[in-house]
Each structure stands twice: as C-alpha cells, then as structure tokens.
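Trainee: One structure, pasted below without further comment.
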Amino acid sequence: MTRTLHPFTYGLAALLLTGFLAACGASSETAADAHEHSEDDGHAEEEGHAEDDGHGDDEHGHEDGASEEGPHGGRLLEDGTFALEVTIFETGVEPQYRIYPTSEGKPVDPSTVDLKVTVSRLGGQKDVFSFKPETDYLKSDQVVEEPHSFDVEVAASHAGKTFSWEYESYEGRTTITDAIAAEAGVKAEQAGPAMIRERVELSGTVQLTPSARADVRAVYPGRVVRVSRTVGDTVSKGDTLAEVESSSSLQTYSVRAPISGTILERRTNAGDVAGSEPLFVIGDLSAAQAELHVFPKDASRIKPGQGVTVQLAGGDLTARGEIDSFLPLAEAGTQSLIARVILPRDAGFRPGTRVTAAVDTSETEVPLAVRESGLQRFRDFTVVFAKHGETYEVRMLELGRRDGDIVEVLSGIAPGETYVTENSFLIKADIDKSGAGHDH
C-alpha cells in the first residue's frame, strides 16, 4: 500500500526544524514497507529478492508481513497443492525472475509449467515476462528493470489446471498530498531536452562602468562657502552639492551634480579654496560591470558574446550577462586579460566586491535531461523522484554530461515524466523513514 501523509498543524516546512519529517503525524501504512503483500482467496503471497550474503549464489527474499517465506527466500503463491515461489535473482547478473514450482511441497519439473508474469508500473507501463525452464526453476526472458515497484499478475498452468495470483510489490514509493508538498516547497517539472553548457570558471571584482562615475569640480576657482551633501547621500542630476564664491567676480554659484547617483567621495569643506581638483565623486551604483581575470590557458576559449553567470563570492547573489569586451592591456604580474561583463541594472552587486563567474564556452543539446537539484542517493543509485498525481517513486538514472545545473539522462526516466526538482530530500526522507526499499 502507498504511504499517505495526513495534514498536520505546521506542514512539512516547519518539520524541517525538528528533523526531516520526524514530527509527521502520519498514521497510514507506508507505500513500500518491505514489499507489502496482499492475499488472494486466503493464499499467502510473498516476493523474494536475491542477494549475495557471502554464501555463494543463494537467493534471499524479503519477508512480507506474516506470510510464509519459501525455501529460497521468495514470495510463496499457493493454490491447493500447487505453489510457486517467486524470487528476483540478482547475484552477478541483471535482475531476473526465478520462479520455483512445487506440488505437495515437492519440486515440479519446470518444463511442465506454462508461466506468464505481468507487472504494472506507476504511470501505466506494463512489462510482460515469459519464462524458460532451467534445472529446478523457470527463468524470465528479460531483465526486471529498476525500480522493483509494481502490481504483479501471475498466470500459470500445470497438469491441465490454471492458476492466477495478484499482489502489490512496492519500493521507493510514497504519497503526499499536493497541499502539503506545496507548503514544504516541493516543486516538480518534466524531464526533457536541454542544453548542456561547457564552462570556464573565472574570478574578478565589480567596478562601476566608465559612464557611471563623475568627478565634480568647481566651475571657477574660489572659496567654498557651503557644503550641503556628504558621502553616501543619494543625489539627482542638477542637485546642489556645494556653493563657491568666485575669486574673480566675487559672485556665489552652485556646484551641481552632473549625474544621478551616490556620493562616493567628498574632498572639500566650507572655507576651502576650490581649484582644479574634484570636490566630489559621484557613482551610479546601479550601473556596474564585472572585471574578470582570464589567464593565458583560457584566453583562446573566452570570446565576446559568450554567456556568463556572475556570483557574489561567498554569497547567493547571481546575475546573468555576457562577455562585453576585453581591456586592451594584460596585467603585467599575472599576464591575465581582463574581460568585462556589463551587469543588469540594479542587480545588487556593489563596486569593489569579489565575484566568481562561469563562462559558457560551448552548448550541446541533449534529448533528455534533469536538474541536478533534484538528484538524490537511493541504495546504490543516483535517482530522482517521479511524480504521478500525489504519488512519488524513485527513478534510477544512468547519467551523462553535466554542467552544474543540468545533467544528461541516458536511461531511467521517460521523456515528459514529471519529477521533483526542489526539496527532493523531503521525499527521500519520507521513503527512508518508512523503510521503503528492498535490500541489494
């Protein structure tokens, strides 16, 4: 049965403060509690999974409730005197069904049994397994793909009689209402094509753009009569900053701001004599650029027009831009070139702060990808959690190229399948808490 989390006072987000859903008031059964079993007409059913425990190629199943376990550790399906023991064997081979037939507790020649197993997965996919006889068991004709989470139908015939069983075998699955998931910040999107970017990492500092800085001087030399603004003040173009009495005309005139911005420097006081030196320096802090150091080994790969993500060193503030141009001269000490990136206005980067940057040097479109933020570890696999309605289930992935944000998927999830991209650790925590997985 799947696990349903019932509403509670503070929601999953508040529960983070008490340890990954530890205070969750869930009261229903888990979706994959050690392969929960069902009973058909009073006959016990139990699925086994093989594993290597250091004693050779023994097959071990997972005990399912109070059902009787078969001699090979598998799920025992019985109908009268005829029985099948279902195991999934995976010691040294890809997972495969091995099913042992018996009658009156004694082995039956597997060549006398016709068998078909159909598994129905979350999302509607069905896998149909045919079997061929081996020494004392029937072996499936194809691999049992991960996850081993499905509804199972078994149809068999032997000695002129037909038999059938149905049961649930879930792992890595849980159910959370959309309301609770939204409250906890769980977000999802569809897996599909994406661009993988090859990137070069750079560092540098934020500076004002050349046009965003102005030195304010007296128009005519003379005595400074009054200063009305100081460092840190925000001014608009035309605002009066100081008043000066001209030495030649003895007339007092206003020194006005030539641009809008913030006063970065004040170099005068009342009583000073204004000459040719700046009285104030004004900067438009919303007009900034990142100046990035490009070392010789990367110089041939960095070109104007390439996309770049700039991030405040040690912080979360980021902005997207592109390489605008290079300063004409290299730095003598490091031989590095300086690449300029015009930052979006009001991006929040203060001049003088250090930044890191990732420059996109190439782009490759891949047919199927997921976001790195959605990846989690489950058993020995890297997984995402697929979302179907309000049910979540692991998808074991084979991964390819990655760029820190997007990762190529070679197998494990279907194109267009919805998966969790943010706060996927909450889904994993709920599944782990329920013990919703088989041993390998």
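The values are calculated or read from the model by the stated rules, or taken from the named source; none is laboratory data. Just so you know, these numbers come straight off a predicted model, no measurement behind them. Cβ atoms come from the backbone with ideal geometry, glycine included; neighbour counts cover every protein chain shown.
Trainee: Are any residues in segment 110-153 over 25 Å from Met396 (Cα atoms), assigned to a strand (DSSP E or B) and touching a residue at least 12 places away in the same chain (Cβ under 8 Å), and if so, which ones?
Mentor: Across segment 110-153, the qualifying residues are Val113, Asp114, Leu115, Lys116, Phe131, Pro133, Leu138.
Trainee: Return yes or no: is Ala347 more than 13 Å from the chain's Cα centre (by Cα), modelled with pLDDT of 95 or more, farther than 26 Å from Ser169 by Cβ and of a type outside the set (Phe, Trp, Tyr)?
Mentor: No, not satisfied.
Trainee: Okay, moving on. Would you be able to say whether some residue in segment 237-258 is surrounded by 14 or more Cβ atoms within 10 Å (Cβ to Cβ) and on the phi > 0 side of the Ramachandran plot?
Mentor: So far as segment 237-258 goes, no, none of its residues is surrounded by 14 or more Cβ atoms within 10 Å (Cβ to Cβ) and on the phi > 0 side of the Ramachandran plot.
Trainee: While we're on this one: Conditions first: (1) within 25 Å of Gly412 (Cβ to Cβ); (2) modelled with pLDDT of 95 or more; (3) assigned to a strand (DSSP E or B). Ala181 passes all but one, so which condition is the exception?
Mentor: (3)
Trainee: For segment 152-166, does any single residue satisfy the condition of being surrounded by 20 or more Cβ atoms within 10 Å (Cβ to Cβ) and within 30 Å of Pro304 (Cα to Cα)?
Mentor: no
Trainee: Given the condition of a type outside the set (Lys, Arg), under 27 Å from Leu327 (Cβ atoms), in contact with a Gly (Cβ under 6 Å, 6 or more places away or on another chain) and surrounded by 14 or more Cβ atoms within 10 Å (Cβ to Cβ), answer yes or no: does some residue in segment 196-203 qualify?
Mentor: no
Trainee: Looking for whichever is at pLDDT 95 or above, closer than 21 Å to Asp380 by Cα and buried (at least 18 other Cβ atoms within 10 Å of the Cβ) here; the options are Thr102, Thr87. Which one fits?
Mentor: Exactly one residue qualifies, and that residue is Thr87.
Trainee: Quick check on my filter: what residues within segment 349-404 are in contact with a Pro (Cβ under 6 Å, 6 or more places away or on another chain) and surrounded by 15 or more Cβ atoms within 10 Å (Cβ to Cβ)?
Mentor: Passing the criteria: Leu368, Val394.
Trainee: Which members of segment 386-404 meet the condition of being small (Gly, Ala, Ser), outside any strand (DSSP E or B) and under 23 Å from Ser362 (Cβ atoms)?
Mentor: Selection gives Gly404 alone.
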